[in-house]
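The values are calculated or read from the model by the stated rules, or taken from the named source; none is laboratory data. Model, not experiment: these values are computed from the prediction. Please note: Cβ atoms are built from the backbone with ideal geometry, for glycine as well, and neighbour counts cover all protein chains shown. SASA here: full protein model, heavy atoms, side chains in, ligands and nucleic acids out. Shrake-Rupley method; radii C 1.70, N 1.55, O 1.52, S 1.80 Å.
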Amino acid sequence: MAQHQSFGPLLAEIQNHYYAIASEGHAKTSTLARGDLKRAELRNSDVPAGVPLCMANLMNKLKDSHHLKHGGRMQLGLFLKSCGLTMEESLSFWKDEFQKGSVASDRFDKQYAYSIRHTYGKEGRRKELSCYGCMKIINSTPGPGEHHGCPYKEFSEPRLKQSLSAIGVPAAEV
């Protein structure tokens with residue numbers, strides 16, 4: 001989707017500030033402190049307060065369709081990990097959510113669990129993965145049916161306004 005011209009300066013400003021927070025990962029931009037988010041909070045239909053818009057979008061899409069493609073799972077999964085979700089909580093969270101859709105337990109275990117264990121350094125190279133920074137998210141290009149990426153870059157102006165209102169940003173500030 002083409003960028004709205006008023007977002008250009010905003011994206012430039014984000015890029016200017018990116019390097020100051022890049023070493024901490026994207027969770028640094030959240031008001032959630034490391035370890036604050038637990039699986040029990042994710043069971044609610046509402047997105048927890050303090051979650052960045054890009055993550056709120058992914059959480060809403062996951063709750064609507066009970067599935068995310070790989071890019072969305074990686075972006076959201078690494079964010080949740082950086083907010084304190086343990087590997088066991090993460091496996092349980094994703095499995096519970098996917099089973100609400102069309103993914104059976106054995107299919108989840110065969111197709112999705114490895115990737116989650118990999119992000120926690122328990123599979124593959126055994127290296128823990130870090131949360132994506134803003135620039136990685138901004139520079140990603142979601143394809144059809146994908147929901148990852150930066151809403152400020154990808155959304156139309158009306159959809160962006162609606163999304164900001166949905167997470168509690170006052171209409172006067174949108």
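General remarks:
- Any chance SER65 is among the polar types (S, T, N, Q), closer than 30 Å to GLY168 by Cβ, open to solvent by less than 70 Å² (accessible area, probe 1.4 Å) and over 13 Å from the mean Cα position of the chain (by Cα): yes
- Taking (1) at pLDDT 90 or above; (2) open to solvent by less than 60 Å² (accessible area, probe 1.4 Å) in turn, VAL51 satisfies each apart from (1).
- Only one of the numbered conditions (1) surrounded by fewer than 15 Cβ atoms within 10 Å (Cβ to Cβ); (2) more than 16 Å from the chain's Cα centre (by Cα) is violated by HIS70, and that is (2).
- Count of the stretch 108-155 residues, restricted to those that are in a helix (DSSP H, G or I), exposed (fewer than 13 other Cβ atoms within 10 Å of the Cβ) and either basic (Lys, Arg) or on the phi > 0 side of the Ramachandran plot (or both), is 1.
- Hits in the stretch 76-90 (condition: in contact with a Cys (Cβ under 7 Å, 6 or more places away or on another chain) and modelled with pLDDT of 95 or more): LEU78
- So ILE167, is it touching a residue at least 24 places away in the same chain (Cβ under 8 Å), open to solvent by 60 Å² or more (accessible area, probe 1.4 Å) and on the phi < 0 side of the Ramachandran plot: yes
- Residues located in the stretch 92-103, provided they are without any contact (Cβ under 8 Å) to a residue 40 or more places away in the chain, open to solvent by less than 50 Å² (accessible area, probe 1.4 Å) and small (Gly, Ala, Ser): GLY101
- For GLY25: the one exception among (1) at pLDDT 80 or above; (2) buried (at least 16 other Cβ atoms within 10 Å of the Cβ): (1)
- On the stretch given as the stretch 73-113, residues that are within 23 Å of CYS131 (Cβ to Cβ) and among the charged types (D, E, K, R) total 7.
- Looking only at residues of the stretch 100-153 that are farther than 23 Å from VAL51 by Cα and among the aliphatic types (A, V, I, L, M), we find that the one that is nearest to the chain's Cα centre (by Cα) is ALA113.
- Every condition in (1) out of contact with any helix residue (DSSP H, G or I) (no Cβ under 8 Å at 6 or more places or on another chain); (2) closer than 21 Å to ALA166 by Cβ is met by GLY84 except one, and the failing one is (2).
- Of all the numbered requirements in (1) over 19 Å from LEU62 (Cβ atoms); (2) in contact (Cβ under 8 Å) with a residue 12 or more places away in the chain; (3) in a helix (DSSP H, G or I), PRO158 misses one, and that requirement is (2).
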